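Some notes on the structure that comes next.
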Amino acid sequence: MTRPHPLDPLTADELTAGRAILADEGQLTATTRFPAVLPVEPDKGDAAPDRRVQYTLLDTATGQARDVVVSLAKREVVSSEDCGEGQPAYLFEEYDLAASITKASPDWRAAMERRGLADRIEHAFCAPLAPGFFGRPDETGRVIRSLTFLRDDESDSPWAHPVEGLIVHIDLTEQRVIRVEDEGDVPVPPEHGRYGDVPARTTLKPIEITQPEGPSFLVDGNEVTWEGWKLRVGFNAREGLTLHQISFQDRSVLHRASVPEMVVPYGDTAPGRFWISYFDAGEYLLGKNGNDLRLGCDCLGVIHYFPAYVADDHGHPVEIPRAICMHEEDYGILWKHTDLDGRAEVRRSRRLVISSISTIGNYDYGFFWYLYLDGTVELEAKATGIVFAGAAPSGTEHPHANEIAPGLFAPVHQHLFCARLDVAIDGERNSLVEVDVERVPMGERNPYGNAFTWKETPLRTELEARRHADPAKARVWEIRSAERTNRLGRPTAYQLVPRPSATLMAQPESTVHQRATFATRHLWATPYRAGERYPAGERPNAHPGGAGLPAWTAADRDLTDTDLVLWHVFGPTHIPRPEDWPVMPVDYSGFSLRPYGFLDRNPALDLPSGAADDHCSAHDH
Ligand code: CO
């Protein structure tokens with residue numbers, strides 16, 4: 001076994017070895033399953049970390065779950081504890097189990113027959129869905145809900161023909177139906193949702209991306225260097241893509257960056273949808289559902305792929321051969337000026353793109369990190385795939401759902417991502433300042449009325465740092481180094497620049513508000529603690545809420561000159577449209593981290609003009 005770097009993703013050998021250690025120590029039985037297998041990252045300052053794996057083990061016979069940490073070096077279990085409140089993520093086999101339990105249910109079959117759909121049972125798709133948490137006494141354990149969709153055959157798109165108002169509540173441990181809700185009859189939308197067999201247009205000429213001398217990045221294992229940037233690329237089953245130890249010009253910017261949670265709450269009151277609030281990382285695992293990416297399709301140009309290994313339901317390694325794609329992209333112009341005498345200087349922008357895509361049921365999420373030549377870091381989340389829809393008579397005026405195809409109504413919903421940014425601007429000691437552009441009233445300070453200024457508000461504690469974005473004030477959050485100043489004597493800094501997006505729309509009294517409190521603010525900040533990784537807590541599945549960011553930040557810890565972690569919430573609020581059907585064009589959201597006095601001047605003056613004959617530079621005039 002080759003020795004991986006402490007921040008490297010788990011290897012197939014390590015997953016196999018870790019499972020063998022569990023077996024040797026008698027931790028596994030015939031009914032043990034592996035909802036989540038994650039690398040244990042070394043704590044900061046741990047010079048000789050031991051490679052460890054955290055296994056969430058579920059006994060499907062009893063519903064009991066434990067978190068067991070294995071040391072690969074010592075070949076032993078180093079800790080084992082009960083999972084406590086909330087359920088581990090779903091197993092893939094539980095999706096099949098939920099479907100077979102549904103189809104065997106006499107109540108479900110009776111409902112299908114009553115609706116005249118008996119002949120559609122064979123190909124019906126039973127979508128397994130996290131039920132949220134409502135404290136019902138008959139829904140205390142490991143539960144899931146199943147909604148029914150008709151298909152013409154097994155290859156048919158499963159999302160086009162919802163059977164409205166038919167909800168099956170399932171206890172996965174006891175492998176039984178808790179109850180079937182069958183609310184009224186609405187015609188099943190007839191139009192198919194196929195999109196892969198449309199005859200292709202022939203008008204597009206090829207675009208070839210060629211880099212005859214190869215890419216400008218260097219890769220050594222999982223370490224990447226590119227144009228002043230250096231970082232390590234990571235991946236785990238829960239978050240998917242992670243970035244580590246990001247530096248620019250040999251100065252630290254981020255210790256770690258990832259999207260550890262997201263929530264997709266639905267705004268519909270219908271019995272089949274009011275409870276929907278998927279936590280795609282915590283309930284379903286973004287990394288375990290990572291795509292194997294394809295050259296010329298997902299990625300274009302000279303690509304470096306990183307493989308990743310996740311554990312299957314039985315703890316055995318599964319390779320995602322091209323889990324992470326890395327390539328360079330031309331990005332228009334970086335800077336330009338035409339001088340008074342007509343001479344122009346222009347330089348092209350380029351970015352390093354590191355991306356992964358996860359498919360969770362009907363939706364597909366791309367996470368694209370961009371590093372730019374001017375020191376900017378950006379994350380773009382791409383939501384695509386198929387919108388989730390129910391049925392109503394065509395033409396119905398529905399306050400919470402929009403008709404996107406005849407009789408097919410897609411409810412309003414949000415995709416709220418939470419990025420965890422363990423910042424390290426020129427060292428670990430950083431502080432946080434909110435910067436607003438501010439109007440100045442007419443008077444002595446503003447005699448002509450034209451003047452405006454900016455206001456800096458230090459966010460000194462966790463409660464002060466629970467913030468909303470404010471585009472009308474061009475609000476940004478500045479992370480300042482306590483250890484370094486620039487040539488103007490100011491602390492070196494980066495700014496977190498949000499893009500306009502809504503926070504959680506659900507009411508404070510709702511259960512989703514309790515469970516996804518992280519999504520009620522655009523910004524949270526905490527002092528780094530190794531165990532504080534998931535903004536909705538370790539186990540959001542069937543969890544009553546309150547865990548994660550709201551619990552940690554209630555302590556109101558000090559944030560000045562400390563090892564800061566920022567948590568930034570962003571993402572689209574989606575009122576679906578006809579153009580989103582039958583497959584949705586990408587909806588983009590994200591943010592940027594921009595150097596603000598981190599550098600003494602534009603760091604990209606030395607870019608070559610690009611064109612072979614230098615005609616982008618001044619002297620061709
Ligand atoms: Co959407």
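Add -39500 (n - 2.57) for each DSSP H run of 4 or more in the chain, then divide by its residues: what number comes out at 222 nm, to the nearest 500 deg cm²/dmol? Show your work: numbers first, answer last.
Details: 5 runs with 45 residues, N = 621.
So the calculated ellipticity at 222 nm is -2000 deg cm²/dmol.
For a distance above 25 Å, tell me the whole-number percent of Cα pairs in region 170-291 that qualify. So the pairs more than 25 Å apart make up 62 percent of the total in region 170-291. When only C-alpha pairs under 8 Å and at least 6 residues apart count, what is the relative contact order of the chain, in percent? This gives 13 percent for the chain.
Per 0.36 nm of contour for each residue apart, how much would the distance between L295 and A47 grow if the chain were fully extended, relative to their Cα-Cα spacing? Don't skip to the end; give the middle numbers.
Values: separation 248, 0.36 × 248 = 89.28 nm, distance 3.83 nm.
Additional length available on full extension: 85.5 nm.
For E319 and R176, calculate 0.36 nm times their separation in residues minus their Cα-Cα distance, and state this gained length in nm to one decimal.
On the way: separation 143, 0.36 × 143 = 51.48 nm, distance 3.31 nm.
Contour length minus the Cα-Cα distance gives 48.2 nm.
Applying 1/(1 + (r/R0)^6) with r as the Cβ-Cβ distance of E191 and R109 and R0 = 30 angstrom yields a FRET efficiency of 0.70.
Can you give the Rg to Rh ratio for region 12-82, taking only C-alpha atoms and Rh from Kirkwood?
On the way: Rg = 12.3 Å, Rh = 12.5 Å.
Rounded to two decimals, Rg/Rh equals 0.99.
Each of A17 and R75 was given a label point 7 Å from its Cα along the Cα-to-Cβ line. The distance between the two points is 1.0 nm. Qualifying GluC sites (Glu not before Pro) in region 134-201, where qualification requires a DSSP coil assignment and no more than 15 other C-beta atoms within 10 Å, comprise E154, E174, E183, E191.
How much length would be gained if the chain were fully extended between H337 and D250, taking 0.36 nm per residue of separation minus their Cα-Cα distance, in nm to one decimal?
Working: separation 87, 0.36 × 87 = 31.32 nm, distance 2.94 nm.
Between H337 and D250, full extension yields 28.4 nm more.
In terms of its C-alpha gyration tensor, region 379-452 has an oblate overall shape, because the principal axis ratio a/c (a ≥ b ≥ c, square roots of the eigenvalues) is not below 1.5 and a/b does not outweigh b/c.
Based on every Cα atom in region 522-575, Rg and the maximum pairwise Cα distance Dmax equal 12.7, 42 Å. If you average the alpha carbon positions of region 537-603 and of region 1-80, how far apart do those two centres end up, in angstrom? Each part's Cα centre sits 29 Å from the other's. Using a simple spin-label model with pseudo-atoms 7 Å out from Cα toward Cβ, D96 and N446 lie 6.7 nm apart. Applying D = kT/(6 pi eta Rh) to region 92-182, where Rh is the Kirkwood radius over alpha-carbon pairs, T corresponds to 37 °C and eta to 0.692 mPa s, the Stokes-Einstein value obtained is 248 µm²/s. Among the trypsin sites (Lys or Arg not before Pro) found in region 34-83, those both in a DSSP coil and sparsely packed, with 15 or fewer other Cβ atoms within 10 Å of their Cβ, are K44, K74, R75. Sorting the segments 338-349, 426-437 by their residues' average number of neighbouring beta-carbon atoms within 10 angstrom, most packed first, yields 426-437, 338-349.
So, by mean Cβ neighbours within 10 angstrom, what's the order for 584-591, 329-336 with the highest one leading? Numbers along the way, then the final one.
Details: 584-591: 17.1, 329-336: 13.0.
Put in order of decreasing packing, that is 584-591, 329-336.
For GluC sites (Glu not before Pro), the sites in region 208-278 that DSSP calls loop and that have at most 13 other Cβ atoms within 10 Å are E208, E213.
Compactness of region 162-226 is given as radius of gyration and Dmax, 26.2, 65 Å, from Cα positions. Over region 212-273, all Cα pairs binned in 5 Å intervals from 0 give whole-percent P(r) values of 4, 14, 18, 16, 12, 10, 7, 5, 5, 5, 3, 1, listed from short to long.
If you wrap a convex hull around the Cα atoms of the chain, how much volume per residue is inside, in Å³? Let's see the in-between values first.
Details: hull volume 122.7 nm³, N = 621.
Measuring per residue, one finds 198 Å³ for the Cα hull of the chain.
Could you name the aspartates and glutamates whose alpha carbon sits less than 15 Å from that of K473, not counting residues in the same chain fewer than 8 places away? Once the sequence-local aspartates and glutamates are set aside, what remains near K473 is E434, D436, E438, E456.
Coordinate-derived values only; no laboratory data. Just so it is clear, the structure is predicted and the values come from calculations on it, not from any experiment. Every residue, glycine among them, receives a Cβ derived from its backbone with ideal geometry; neighbour counts consider all protein chains shown.
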